[in-house]
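Undergrad: The structure under discussion is supplied below as structure tokens; questions concerning it will follow.
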Amino acid sequence: MLDVRCSMFIRYQAGPMATQNTRNRKILVSGCLFHLFHDSIADGLAVLLPFWKIAFQLSLTQVGLLMACFEGATALFQIPAGFLGERYGERRLLTIGTVVTTLSFMVIAFTGNIYVLCVLLVIGGLGGGVQHPLASSMISKAYTSGNRRIALGTYNFTGDMGKFLFPVVATVVLSVTGWRTLCFGYGIFGLFLVGGLYLLLRRNHSGGMDIQTSKVHGKFSGWGIENKKAFLTLSAIGFIDTAVRSALITFLPFLLIGKGMQMESTGLALSLLFIGGALGKFICGIMAEKIGIIPSITITEAITGLGIIYLYDSTLSGMFFFLPVLGIALNGTSSVLYGTVADFISQTHAPRVFGLFYTAIIIGAALAPPVFGLLSDAVGVALTVVVIGITALTTLPLAYVLSKELS
């Protein structure tokens, strides 16, 4: 269907510009679908955590460590993925990494040992490490002449659609069968998806090894960061923002269960949070264009911190109404941050710098669950959620520092 629409567009839009625009849209669609699948697994793990806690008799600290296995491995492979993408092309690495993630998810369906589960999550996380730096780089290169922020915003939006769709699918599947069937079936879906995306990119000669980059490979100096202090501050905000989001997603199901929700229904609550997050990517991207980067970060982080604290005393019915609103702010900041990275870098170094940025923020996602898991075992999930909200508010002074660099 996509090819038919693209061919009709080319037929009625003469000239090389129309052909280039069509090619760019196919690159964007491919990058978006890679993002949708990988983010659906990364954040969709939260739906499975209560089931794994019972199946493997885990503490909340151990539950956090499961998330750390996946997110930590993803963080570790961000920078290597960026360098490998420069040498071998994004298409090849995206395909291999996605296949590794899907296969690990399928094998998880058959494991009965917690240590094997941890190893498989690490393997899946390593495969997932290719997606953010390489898909972002591929899209950024395609839209160098304009609309790059819109394209990257669209890319980020579809990632959140994946986060929304997986909990919805999981809620339906888990109501009729077990988590093992869910893992295996989603892995099969991933294999079909990656095969189609590889063929689409290959037909459009997209994501292959850049000839110009290949000729100068080994002659690059530094990281290509043109404003180092601004980049470091942006990365620090991203680190805290992602840590807060990862911690909340990990422990929100347990907060809901503690308030009386059935375990199978927590996926629906997460989907409400994620659909708000998808809207947040869109809304906050526009907001950043209208009122600027710093006001947007300040507003979204303030709402995130205060909103998470509000969950402590909220009823279940009140949380269901509020979660989409919280999701808008919780994920909205990332849309502003991701779209700003490219403003501080050289495009020849895009894969490695995106890899560096995503390493910084995903380390936050990896560290937060076990750290807040320890706190949850000590003081309970409800008080831990309050601390998560206070942590979000620590980004506000950093936003002020960033404003000085941008002025």
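Undergrad: Give me the pairs: first residue in the range 245-270 and in contact (Cβ under 8 Å) with a residue 40 or more places away in the chain, second residue hydroxyl-bearing (Ser, Thr, Tyr) and surrounded by fewer than 17 Cβ atoms within 10 Å (Cβ to Cβ), beta-carbon distance under 7 Å, and six or more apart or on different chains, which are they?
TA: Close Cβ pairs (under 7 Å, with a partner that is hydroxyl-bearing (Ser, Thr, Tyr) and surrounded by fewer than 17 Cβ atoms within 10 Å (Cβ to Cβ)) amount to Glu264/Ser175.
Undergrad: If you don't mind, there's one more thing I want to ask. Ala360 fails exactly one of the following numbered conditions: (1) modelled with pLDDT of 85 or more; (2) among the aliphatic types (A, V, I, L, M); (3) closer than 24 Å to Gly125 by Cα. What is the number of that condition?
TA: Among (1) modelled with pLDDT of 85 or more; (2) among the aliphatic types (A, V, I, L, M); (3) closer than 24 Å to Gly125 by Cα, Ala360 violates only (1).
Undergrad: Out of Thr98, Thr111, Thr154, report the one residue that is within 20 Å of the chain's Cα centre (by Cα), modelled with pLDDT of 85 or more and either of a type in the set (Val, Ile, Thr) or closer than 18 Å to Ala68 by Cα (or both).
TA: Only one candidate qualifies: Thr98.
Undergrad: Moving on to the next point. What tally of residues in the range 46-71 results from selecting those that are buried (at least 22 other Cβ atoms within 10 Å of the Cβ) and farther than 16 Å from Leu255 by Cα?
TA: Adding up the residues that qualify gives 6.
Undergrad: Considering only the range 157-192, state which residues are more than 18 Å from the chain's Cα centre (by Cα) and under 26 Å from Phe282 (Cα atoms).
TA: Val169, Ala170, Thr171
Undergrad: Follow-up. Return only the number of the condition from (1) of a type in the set (Phe, Trp, Tyr); (2) assigned to a helix (DSSP H, G or I); (3) over 27 Å from Leu337 (Cα atoms); (4) in contact (Cβ under 8 Å) with a residue 12 or more places away in the chain that Phe164 does not satisfy.
TA: (3)
Undergrad: I would also like to ask the following. Which residue out of Thr298, Thr333 is of a type outside the set (Phe, Trp, Tyr), touching a helix residue (DSSP H, G or I) at 6+ places or on another chain (Cβ under 8 Å) and surrounded by 23 or more Cβ atoms within 10 Å (Cβ to Cβ)?
TA: That would be Thr333, the only listed residue that is of a type outside the set (Phe, Trp, Tyr), touching a helix residue (DSSP H, G or I) at 6+ places or on another chain (Cβ under 8 Å) and surrounded by 23 or more Cβ atoms within 10 Å (Cβ to Cβ).
Undergrad: Would you check if Leu120 is at pLDDT 95 or above and either within 14 Å of Leu66 (Cα to Cα) or touching an Asp or Glu at 6+ places or on another chain (Cβ under 9 Å) (or both)?
TA: In short, yes.
Undergrad: State whether one or more residues within the range 307-324 are closer than 30 Å to Phe231 by Cα and buried (at least 19 other Cβ atoms within 10 Å of the Cβ).
TA: The answer is yes; a qualifying residue exists.
Undergrad: Further question: Could you check the range 178-203 and list, in sequence order, the residues that are closer than 15 Å to Val29 by Cβ and touching a residue at least 60 places away in the same chain (Cβ under 8 Å)?
TA: Leu193, Val194, Leu197, Tyr198, Leu200, Leu201, Arg202, listed by residue number.
Undergrad: Being more than 17 Å from Tyr358 (Cβ to Cβ), crowded, with 24+ Cβ neighbours inside 10 Å and of a type in the set (A, V, I, L, M, F, W, C) is the requirement here; does Phe110 meet it?
TA: no
Undergrad: Going by what's in this entry, would Ala75 be described as in contact with a Ser or Thr (Cβ under 7 Å, 6 or more places away or on another chain), in contact (Cβ under 8 Å) with a residue 12 or more places away in the chain and assigned to a helix (DSSP H, G or I)?
TA: In short, yes.
Undergrad: So how many residues does the range 225-273 have that are within 19 Å of Asp160 (Cα to Cα) and of a type in the set (Ser, Thr, Tyr)?
TA: Of the residues in that region, 5 qualify.
Undergrad: Is there any pair with a first residue in the range 214-237 that is of a type outside the set (A, V, I, L, M) and a second that is modelled with pLDDT of 85 or more and part of a helix (DSSP H, G or I) whose Cβ atoms are under 6 Å apart and which are 6 or more apart or on different chains, and what are they?
TA: These pairs meet every condition: Thr233/Leu398; Thr233/Val401; Thr233/Leu402.
The values are calculated or read from the model by the stated rules, or taken from the named source; none is laboratory data. Owing to the predicted nature of the structure, the values given are computational and were not obtained by experimental measurement. A quick note on method: Cβ atoms are made from the backbone with ideal geometry, for glycine too, and the neighbour counts reach across all protein chains shown.
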